[in-house]
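The values are calculated or read from the model by the stated rules, or taken from the named source; none is laboratory data. Since this is a predicted model, take the numbers as computed values, not measurements. Heads up, the Cβs are rebuilt from the backbone with ideal geometry, glycines too, and the neighbour counts pull from every protein chain shown. Accessible surface areas use protein heavy atoms only, side chains included; no ligands, DNA or RNA. Shrake-Rupley method; radii C 1.70, N 1.55, O 1.52, S 1.80 Å.
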Amino acid sequence: MDYRFSDKLASLKPSAIREIFKSLTDPSIIAFAAGNPAAESFPVDEMAEISKEIYETEAAAALQYGTTEGYLPLRRAISERQRAKYGIGKTADDGYGFEDTTIIVSGGNQGLELTCKAFCNEGDAVICEDPSFIGALNAFRSNGAVTLGVPLREDGIDTEALEEMLRTEKRAKLLYLIPTFQNPAGITSTLENRKKVYELAKKYEIMILEDNPYGELRFAGEDVPTYKSFDTEGIVVYCSSFSKILSSGMRIGYLTAPEAVIQKIVVAKQVEDVHTNLFFQMLCHRYMTGHDFDGHIQDVRAIYRRKCGIMLDALDKELPGELRYTRPEGGLFIWCTLPESIDMNEYVKRCLKKKVALVPGSAFTPVPGAPCNSVRMSYSTATDEQIVSGCRILGEIAREMLAEKA
């Protein structure tokens, strides 16, 4: 049979990260490629207790259909916390020409995909940081959108290059940004950079899709206000999730955006999955409101503070000076750029042969096939001992390949 697949999917390739996961079934592999949360961050005992409570007191509700917008108590709890802690969510009393609404989605990635579906026609463009999250890039492409990249600098997206693209790209509909502990680069955009970008978005009348799944994972430095917190024009769709702070497997994410935008996204979601898993929505709500949620987040931050510190110390010790890498203040990722004399794909292959899995940077380029000589590494799932031994292997292979070119 000659299968004739749709044009939307014909050009898509499997996520390089998910393909690498197949090799991680080998317990001897040091998994610097995985972006999974650390298993020790899951509050298993509390979840077991809450699960028992739900089945004893609300089993029928938990196992029934729910509303597309999501479990109302959870939506309210998220909205209240976002507003109190981060200034996110405008209301009618704020005096703006819009009111924000929060809905629940099946993981943050669905929120990104639904937003693209709501705004983009076939052939429209989504402008992204370069590099950017492969899951988002594939979500946009699957809706027929073209992904375009603007270089990511140490302080955030290159605003001069961004303005030039906004000026010339007439079909740009969305500006997709991961401003805090960016995936894959680990960079946090400065407030000055964010304000410049917001002004450009207003000037060129483009929606900002702010993806912030890692914002709660700050373990150094000071918080930077989100785009959504200073959105006075109703041009920001804010996406986050419980994946990195509670459980990735529950697939509970959320979107906050002007009500008119959310109404369209709800219609799109009804076609996809009717509603997000109701049992886990109830579990999230009970954990947020009945347990020490902020204390749990502090514990999770401590895990990644230790792991990131171990990896940076090991990289400082083991890697040749020709390799450059970011120093994140939170999140899960470090972005390492190789010198031109080291072929990135060959480096990744040799590391995997030595049982260290990395993600090739080419997986994160908005323009498919664009050159990239960087790799993404994560400290989230490897043990402390694996981080140290893995970084030693990274250094050995780098020195070996540098010597070959000398």
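Would you point out the residue of the range 276-300, among those that are under 17 Å from Ser240 (Cα atoms) and touching a Gly at 6+ places or on another chain (Cβ under 7 Å), that is surrounded by the most Cβ atoms within 10 Å (Cβ to Cβ)?
In this case the residue turns out to be Thr276.
Residue by residue, here is whether (1) of a type in the set (S, T, N, Q); (2) farther than 28 Å from Arg83 by Cα holds:
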{"site": "Cys116", "(1), (2)": "no, no"}
{"site": "Ala125", "(1), (2)": "no, yes"}
{"site": "Leu137", "(1), (2)": "no, yes"}
{"site": "Asn143", "(1), (2)": "yes, yes"}
{"site": "Val150", "(1), (2)": "no, yes"}
{"site": "Gly156", "(1), (2)": "no, no"}
{"site": "Arg171", "(1), (2)": "no, yes"}
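Return the pair list, or none, for Cβ contacts closer than 8 Å from residues in the range 222-243 that are within 15 Å of Lys196 (Cβ to Cβ) to residues that are of a type in the set (A, V, I, L, M) and assigned to a helix (DSSP H, G or I), at least 6 apart or on different chains.
Val224/Leu191; Pro225/Leu191; Tyr227/Val197; Ile235/Ala201
Out of Tyr176, Tyr198, report the one residue that is open to solvent by less than 10 Å² (accessible area, probe 1.4 Å) and touching a Cys at 6+ places or on another chain (Cβ under 6 Å).
Among Tyr176, Tyr198, only Tyr176 is open to solvent by less than 10 Å² (accessible area, probe 1.4 Å) and touching a Cys at 6+ places or on another chain (Cβ under 6 Å).
Anything in the range 199-243 that is more than 26 Å from Cys284 (Cβ to Cβ), assigned to a loop (DSSP other than H, G, I, E, B) and in contact with a strand residue (DSSP E or B) (Cβ under 8 Å, 6 or more places away or on another chain)? List them, or say none.
Once the filter is applied, which keeps residues that are more than 26 Å from Cys284 (Cβ to Cβ), assigned to a loop (DSSP other than H, G, I, E, B) and in contact with a strand residue (DSSP E or B) (Cβ under 8 Å, 6 or more places away or on another chain), the range 199-243 yields Ile206, Ala220, Gly221, Gly234, Ile235.
Identify, from the list Ser362, Ser389, the residue that is open to solvent by 10 Å² or more (accessible area, probe 1.4 Å), outside any loop (DSSP other than H, G, I, E, B) and either under 15 Å from Asp130 (Cα atoms) or of a type in the set (Asp, Glu) (or both).
Every option except Ser362 fails the conditions.
Checking the structure you have, find out if any residue of the range 265-272 is part of a helix (DSSP H, G or I), in contact (Cβ under 8 Å) with a residue 24 or more places away in the chain, among the β-branched types (Val, Ile, Thr) and over 20 Å from Asp294 (Cα atoms).
Yes, the range 265-272 contains a residue that is part of a helix (DSSP H, G or I), in contact (Cβ under 8 Å) with a residue 24 or more places away in the chain, among the β-branched types (Val, Ile, Thr) and over 20 Å from Asp294 (Cα atoms).
Keeping to the range 117-148, report how many residues are over 16 Å from Ala370 (Cβ atoms), open to solvent by 20 Å² or more (accessible area, probe 1.4 Å) and of a type in the set (D, E, K, R).
The number of residues fulfilling the criteria is 2.
Could you list, in sequence order, all residues of the range 353-389 that are on the phi < 0 side of the Ramachandran plot and small (Gly, Ala, Ser)? Quick ask: steps written out before the conclusion?
First, pick out the residues of the range 353-389 that are on the phi < 0 side of the Ramachandran plot: 353-354, 356-368, 370-389.
Of everything in the range 353-389, those that are on the phi < 0 side of the Ramachandran plot and small (Gly, Ala, Ser) turn out to be Ala357, Gly361, Ser362, Ala363, Ala370, Ser374, Ser378, Ser380, Ala382, Ser389.
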